[in-house]
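One structure is given below, encoded as structure tokens.
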Amino acid sequence: MNWRAWLSCSVAATLALAGCAPKTRITKAKGEEGEVVIAEGVAPYKADDIPGTKAASLAAAQRSAVEQVVGVYVNARTRVDKAVAIEQSILSKSSGYVKRYEILSEGRDGDWYKTKIRALVSTKTLHDDLDTLGLLKQPAVGYPRIAILLQEFVGEKESTDGHATHALTQGLLNQGFKVVQLPRSVNLGDDPIEIAKTLSHNSAELVVAGLARAQNLGYGKSFGGMSSYRASITFRVIETGSGEIMSTVSETASGLEATPDIAAGKALEQAAQLAANDLTSLPQELSKRSHVDLTISGLTSFDTLGSFQKSLLGVPGVKDEFMRSFSQESGVAVLDVSIDQISPQDLADACVKIGGSAWSVFQVNGRSVQLSASQAGR
């Protein structure tokens, strides 16, 4: 066998051992799980160890392929917070997630050796491992910061003792809320909604504004010489920035004590504590308002989705994103996008700007946005 024939056989054998063939194109069989991605890897070029150089470059390409899938399925904040776990438990065994691959190109580039592959990555195995590590869970709902603007009265006289304010504050703190002071620049005599509109989420997410009043119910033998007061508290929960009213709370309670002042204070405190309990579900309600269900149809590739997600996180007002599902066959992705001080319509417009001329807004309905990424997706 002459050297040309020997070289031809060696190349063919090498391609066969690598799990690819020159004319093979990686595709998914009907119903087969996984995602097809194109990735590139580089490794230092070592003239005295060409097989080792190629193997290192191929391993880097496989790692890059798995990183692409991880980047789509795991939100940005989790990737940063759990970088060590992802590296040790996922990326260190990237080849185990690659079901098949083909080498699109390879060769020396200066001091480096580059390998470009098309790979079918097992999303089921990867998904299961990510889920076991707790990396697919959405961040826990956080407790918002609340500023309290409450006027208090005993009878017709305004009270500065702050019984209701203190009790409401403590009740919220006990539940995990953060209670903050309004900025000094705020004029407390202004309309609470207008005050909330002037505030950004950097100061507080919510303003609780309202009135608490205690009324004397009588003093005499029927109460054993004790003073009896009934207090009522009513307030609105207002979102900062938008000035939108999220809920209205109203509670009443009584106080029976030795003196009028103590009885009035006790009644105000009891009413405020009851009101604080009414806000237990507030974090979940606020979370729903800050999240938008984003559905994109007509996606032509997995790479397109990954690129879009990276650009989306650079949009002002977009805090984070979490992919709920993606089907490469249908080209439909469903994402949960966390926004701050922008509307769902603003988000939709920003997405179309990222996507380009082929993208369009199909529908914006409440907290749901539907986009088309191509003419075929409309």
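The values are calculated or read from the model by the stated rules, or taken from the named source; none is laboratory data. Only a predicted model underlies this, so the values are computations on that prediction, with no experimental measurement involved. Note: ideal-geometry Cβ built from the backbone for every residue, glycine included; neighbour counts use all protein chains shown. With ligands, DNA and RNA removed, areas are computed over all heavy atoms of the protein, side chains included. Shrake-Rupley method; radii C 1.70, N 1.55, O 1.52, S 1.80 Å.
Structure notes:
- Per residue accessible area in Å² of the range 228-299, where ligands, DNA and RNA are left out and the probe is 1.4 Å: 41 Å²
- Value of D in µm² per second that Stokes-Einstein yields for the range 257-338, Kirkwood Rh from Cα pairs, at 4 °C (1.567 mPa s): 79 µm²/s
- Here the accessible area of the chain is 51 percent carbon and sulfur, with a 1.4 angstrom probe and all protein chains present.
- Rounded to whole Hz, the Karplus (6.51, -1.76, 1.60) HN-Hα couplings of the range 209-218, x for glycine and proline: 10, x, 9, 10, 9, 10, 10, 6, 9, x
- Cross-link pairs beyond the 22 Å C-alpha cut-off, checked among Lys99/Lys310; Lys178/Lys266; Lys93/Lys114; Lys54/Lys82: Lys99/Lys310; Lys178/Lys266; Lys54/Lys82
- Residue order for Glu87, Glu152 - accessible surface, 1.4 angstrom probe, largest first: Glu87, Glu152
- Taking the chain and dividing mean pair separation by its residue count, relative contact order in percent (alpha carbons under 8 Å, at least six apart): 13 percent
- Placing unit charges on the Cβ atoms of the charged side chains and taking the dipole of the chain about its Cα centre, the candidate lying farthest along the positive direction among Phe322, Ala271, Leu172 is Phe322.
- The range 46-91: C-alpha gyration tensor shape, a/c 1.5 cut-off, then a/b vs b/c: prolate
- Cα-based helix-to-principal-axis angle, 260-277 vs the chain, degrees rounded to 10: 20 degrees
- Between the helical axis of 123-132 and the longest alpha-carbon principal axis of the chain there is an angle of about 40 degrees.
- When the Gaussian network model of the chain links Cα atoms closer than 10 Å, the mean-square fluctuations of Ser232, Ser343, Ser357 top out at Ser357.
- Accessible area per residue for the range 52-154 is 47 Å², calculated with a 1.4 Å probe on protein heavy atoms, without ligands, DNA or RNA.
- Based on protein heavy atoms only, the range 300-340 ends up with 41 Å² per residue of surface accessible to a 1.4 Å probe.
- Within the listed set Pro144, Pro260, Pro344, the residue fluctuating most in the Gaussian network model of the chain (springs between alpha-carbon atoms under 10 angstrom) is Pro260.
- The angle separating the long axis of helix 50-73 from the principal Cα axis of greatest extent in the chain is about 30 degrees.
- Entry for volume of the Cα convex hull per residue in Å³ (calculated from the structure that is shown) out of (1) 196; (2) 140; (3) 167: (1)
- Surface calculation, 1.4 Å probe, protein heavy atoms: Lys114 sits at approximately 70 Å² accessible.
- Rg/Rh for the range 44-128 stands at 1.02; both radii use Cα atoms, and Rh follows the Kirkwood definition.
- Here, the range 229-376 has an Rg and a Dmax of 23.1, 77 Å when only alpha carbons are counted.
- Annotation: amide H of Gly34 within the under-5 Å range of Thr123, Lys124, sequence separation 5 or more or interchain, hydrogens built in the peptide plane.
- Using only side-chain charges placed at the Cβ, +1 for Lys and Arg and -1 for Asp and Glu, the dipole size of the chain relative to its Cα centre rounds to 1380 debye.
- Each Lys and Arg contributes +1 and each Asp and Glu -1, all at the Cβ; summed about the Cα centre of the range 88-183, the dipole is approximately 720 debye.
- Potential lengthening between Leu182 and Asp336 on full extension [0.36 nm per residue; Cα-Cα distance subtracted]: 52.3 nm
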